[in-house]
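Structure first, commentary second.
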Amino acid sequence: LPSWFSEYRELILADSQSGQPARTQRAKDIEAIHVFLSHKHDDVAIADAIKQCFEKFGIAAFVAHRDIVPSAIWRQTILEHLQGKCNVFAPILTGEFHASLWTDQETGIAVQNGLPILPVKVHRDPYGFIDDRQAVPLKVGEYLKMCVGLLVGLGTQHPLFGRAVRLSFAKGLQASQT
């Protein structure tokens, strides 16, 4: 395991609500994580790399430029994911994130729908309705560290995701040994 992983060890193994070792599942725990990756079209390669990292942990991620099938209606498909299929929103905050016609709208919809917001800072800090959120920094080549940081943040800040986060880490560790 990478040396930086040890700083997250206790958080991963602890129950996200009480801080105690994980033992039982709460009745309303979320079983699976499905992340909406909001990005500017020019940054689709970053979104793809993050998606691939999440998939190593058994986490589904939606990247509009890759996952919308031919002939589908873009607006409708994006809304379906923001209003039900995805349960986490991760804006990829590059220098031109705000220049897209879609990203600020997606962010507003995610905030309005109460989705957990996990900003990924590439070049800029969160702004607007998400300026109160702490972003996870992303440096080129450190996608795994960033994904772990997002998962730990999700599990600690949103207790109903605790079990799903622990299962994701178990899947990731299992996959890394094969």
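The values are calculated or read from the model by the stated rules, or taken from the named source; none is laboratory data. Remember, it's a predicted structure, so these values are computed and weren't measured experimentally. Cβ sites come from the backbone with ideal geometry, for glycine too, and all protein chains shown count toward neighbours. Just so you know, the surface numbers come from the protein's heavy atoms only, side chains and all, with ligands and any DNA or RNA stripped out. Shrake-Rupley method; radii C 1.70, N 1.55, O 1.52, S 1.80 Å.
Phi angles across region 82-88 convert, under the Karplus curve 6.51 cos²θ - 1.76 cosθ + 1.60 with θ = phi - 60°, into 3J(HN,Hα) values of 6, 10, x, 6, 9, 10, 9 Hz, Gly and Pro given as x. Ordering Y143, W102, G162 by the projection of their Cα atoms onto the charge dipole of region 88-170, which places +1 on the Cβ of Lys and Arg and -1 on the Cβ of Asp and Glu, puts G162 at the extreme positive end.
The ellipsoid equivalent to the alpha-carbon distribution of region 57-100 has semi-axes of 18, 16, 11 angstrom, derived from the gyration tensor eigenvalues as √(5λ) and listed largest first. Close amide H partners of A61, meaning residues 5 or more places away or on another chain with modelled amide H under 5 Å apart, are V35.
Relative protection proxy for 64-75, 124-135, from highest mean packing down: 124-135, 64-75 (other beta-carbon atoms within 10 angstrom).
Spatial offset of region 141-178 relative to region 79-93 amounts to 18 Å, using the alpha carbon center of each. One quarter of the convex hull surface built on the alpha carbon atoms of region 99-160 amounts to 4.7 nm², the projected area averaged over directions.
Orientation-averaged projection of region 49-169 equals 7.4 nm² [convex hull of Cα atoms, one quarter of hull surface area]. Note on region 42-178: lysine pairs with Cα distance below 18 Å, sequence gap of 8 or more or different chains, count 10.
A full extension of the chain between Q105 and Q52 corresponds to an added length of 16.6 nm, given 0.36 nm per residue minus the alpha carbon distance. For region 54-122, the fraction of 1.4 Å probe accessible surface lying on carbon and sulfur atoms is 53 percent.
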